[in-house]
Amino acid sequence: MARAARLATLWTIVFLGAASSASAAEPWGIPHEKPLVLKGRVVDALCHLTGRCAPDCGAGRRQLGIVQADGTYRLVAKGNVDFAAAVPDLIGFCGKEIEADGLLIENPAITLFFVQGVRAAGSSEAFVPTDRFKTEWDARNGKADEWWRADPEARRVLAEDGPLGIKGPTPKPKP
């Protein structure tokens, strides 16, 4: 009898573990980070916050966010690619319910969500990594380990406005 009870307990633990939506997000060591699976609807941030809306969440030219069932809005600040947003990974979900695995950064100054994986709401499929930005960038520009240093648009802006965003001044060299 005790063996049957232990076996039933073990199967209950296995079943509940498989059914949970626990986050598998990789910690980045950012102060106030919390691995979390957000569930909600993908929205155009500007539309949600100001009412100035564009078709299809701005067709990939606007920042996106997630509105949870309780009405809480979470700005999606970036995806899995260094210095890149998750817009290419989320734009196909505009107006749809999703599950997003990532890191919620609840800093006293601002709350942001860094999404590392996404899938349709209710899906049992694995989360799809949010790295579409780099795939699309590589297709347009060729491979580069540090895409942000090789980006033609970034180079153009730096040439026009300088590294400090003001024509003329340059940062002091590091000692």
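Take the residues in region 92-112 that are among the charged types (D, E, K, R) and within 13 Å of the chain's Cα centre (by Cα), then tell me which one is surrounded by the most Cβ atoms within 10 Å (Cβ to Cβ).
Residues of region 92-112 that are among the charged types (D, E, K, R), as a first pass: 96-97, 99, 101, 106.
Retained after the next criterion (residues that are within 13 Å of the chain's Cα centre (by Cα)): 99, 101.
Details: GLU99: 18, ASP101: 24.
That would be ASP101.
Taking region 121-175 as the range and being of a type in the set (Asp, Glu) and either more than 17 Å from ASN80 (Cβ to Cβ) or under 18 Å from the mean Cα position of the chain (by Cα) (or both) as the test, the residues that pass are GLU125, ASP131, GLU136, ASP151, GLU153, GLU160, ASP161.
Cβ contacts < 7 Å: first residue at positive phi and free of Cβ contacts under 8 Å to residues at least 60 places away in the same chain, restricted to region 85-97; second residue buried (at least 18 other Cβ atoms within 10 Å of the Cβ) and not acidic (Asp, Glu), any location; separation 6+ or different chain. Result? Short answer, once both residue conditions are applied: GLY95/VAL42. Filtered by the rule that a residue be under 13 Å from the mean Cα position of the chain (by Cα) and outside any loop (DSSP other than H, G, I, E, B), region 44-64 gives a lone residue, LEU64. For the condition at pLDDT 95 or above and closer than 23 Å to PRO31 by Cα, ASP101 qualifies. For PRO175, the conditions (1) of a type outside the set (A, V, I, L, M, F, W, C); (2) free of Cβ contacts under 8 Å to residues at least 24 places away in the same chain; (3) on the phi < 0 side of the Ramachandran plot; (4) surrounded by 12 or more Cβ atoms within 10 Å (Cβ to Cβ) all hold with the exception of (4).
With at pLDDT 95 or above, β-branched (Val, Ile, Thr), assigned to a strand (DSSP E or B) and surrounded by fewer than 20 Cβ atoms within 10 Å (Cβ to Cβ) as the only criterion, which of VAL76, VAL115, VAL67 stands out?
VAL67
Residues in region 22-55 that are more than 17 Å from THR130 (Cβ to Cβ) and exposed (fewer than 12 other Cβ atoms within 10 Å of the Cβ): ALA22, GLY29, PRO31, THR50, GLY51, ARG52, PRO55.
Under the condition of being in contact (Cβ under 8 Å) with a residue 40 or more places away in the chain and either β-branched (Val, Ile, Thr) or within 15 Å of PHE113 (Cβ to Cβ) (or both), the residues counted in region 33-61 number 11.
With respect to the conditions (1) assigned to a loop (DSSP other than H, G, I, E, B); (2) exposed (fewer than 11 other Cβ atoms within 10 Å of the Cβ), ARG140 lacks only one, and its number is (1).
Kindly indicate whether ALA121 is touching a Lys or Arg at 6+ places or on another chain (Cβ under 9 Å), under 19 Å from ASP44 (Cβ atoms) and in contact (Cβ under 8 Å) with a residue 60 or more places away in the chain. Considered against the rule, which asks whether it is touching a Lys or Arg at 6+ places or on another chain (Cβ under 9 Å), under 19 Å from ASP44 (Cβ atoms) and in contact (Cβ under 8 Å) with a residue 60 or more places away in the chain, ALA121 comes out as yes.
The values are calculated or read from the model by the stated rules, or taken from the named source; none is laboratory data. Keep in mind that this is a model prediction, so the values were computed, not measured. Quick reminder, even Gly has a Cβ in these numbers, built from the backbone with ideal geometry, and neighbours come from all protein chains shown.
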